[in-house]
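Written out below as structure tokens is the structure these notes cover.
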Amino acid sequence: MTPELQGIGMTSRRTRTRMIQRLREAGIGDDQVLAIMAEVPRHIFLDEALSHRAYEDTSLPIGHSQTLSQPYIVAKMTEVLMRHKPRSVLELGTGSGYQTAILARLVAEVYSVERIKALQDRARERLRTLGLRNVRLRHADGGIGWADQGPFDAIMVTAAPRELPRDLMMQLGQGGVLIAPVGEHEQVLVQAVRRGDDFDIKEIEPVRFVPLLAGVVR
Ligand code: SAH
């Protein structure tokens, strides 16, 4: 364990325990996901001015009009994904890197794409601080996925495309799962499992994400 993980103060540990209790009450039942969320410090993924709010059940700004998802959504998406026991996961929208860190503690290989360079740089630094070495980051428009590294056992999209990203779903291996918020004004969390060239599609619950945007920001 890195010094940063050992050095977490009691206050943060207690607020984190309360966060886990709230997640359980909200219906998150995967003990492994909850255990990892209890360990990974969420406050280091925020600017200092906001870090005291890190364990509230709310999304928080990370700059560039982007947000770190609320703990419940991170837990829910991770729980759905982990039911499929993936080895490799492609994440679109690295953002703060918090969801990336949670995934890196749960699966063997994480690939994460971010279109805003400044966010990616900060995320890289935080992941390094936590000693997570099974993550590869890429600065690109993630809408096209990361074909060279595929097929993936799972794809998690953390910004909302207007429609189910069918092309991207072809980077899933057989039995692989995509989880993504889909829609514009009204969004729903969707799970798609690959069966041949077809997909079993299930809507999970209504959500609110920033939009998946085209192009990159240097
Ligand atoms: N998983 C992140 C959530 C960040 S919000 C976290 O835990 O903090 C969504 C992120 O998706 C933003 O950082 C945004 O810049 C990024 N994004 C939006 N469209 C994208 C695209 N086409 N390719 C890659 N990243 C994208």
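The values are calculated or read from the model by the stated rules, or taken from the named source; none is laboratory data. Quick caveat, the model's predicted, so the values are computed rather than measured. A quick note on method: Cβ atoms are made from the backbone with ideal geometry, for glycine too, and the neighbour counts reach across all protein chains shown. Note: areas computed on protein heavy atoms with side chains; ligands, DNA, RNA excluded. Shrake-Rupley method; radii C 1.70, N 1.55, O 1.52, S 1.80 Å.
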Which one, G176, G196, G145, has the greatest fluctuation when you compute a Gaussian network model over the chain with C-alpha springs under 10 angstrom? G196
With the 1.4 Å probe rolled over protein heavy atoms, segment 59-207 has an accessible area per residue in Å² of 42
Eligible lysines near K85 by straight Cα distance, threshold 26 Å, same-chain separation 8 or greater: K76, K202
Normalised convex hull volume, segment 168-218, alpha-carbon set, Å³ per residue: 95
Would you mind estimating how fast segment 68-193 diffuses translationally, via Stokes-Einstein at 20 °C and 1.002 mPa s with the Kirkwood radius over Cα pairs, in µm²/s? 150
Which whole number in µm²/s is D for the chain by Stokes-Einstein, with the Kirkwood Rh taken over Cα pairs at 25 °C and 0.890 mPa s? 142
Along the positive direction of the dipole of segment 1-147 (beta-carbon charges: Lys, Arg +1; Asp, Glu -1; about the Cα centre), which of L92, A147, Q32 reaches farthest? Q32
Among the DSSP beta bridges whose two residues both lie in segment 59-207, what percent are antiparallel, rounded to the nearest 5? 50
Sites D31 and E186 - FRET efficiency at Förster radius 35 Å, r taken between beta-carbons, to 0.05: 0.60
Evaluate the relative contact order of segment 123-218 (contact order divided by residue number), counting alpha-carbon pairs under 8 angstrom at least 6 apart; express in whole percent. 25
Under a cut-off of 17 Å between alpha-carbon atoms, report the aspartates and glutamates in cross-link reach of K117, not counting same-chain residues fewer than 8 places apart. D47, E91, E125, D141
Dipole magnitude of the chain about its Cα centre, charges +1 at Lys/Arg Cβ and -1 at Asp/Glu Cβ only, in debye to the nearest 20? 620
For I116, what charge total do you get from the other residues with a beta carbon under 14 Å from its beta carbon, if Lys and Arg give +1 and Asp and Glu give -1? +3
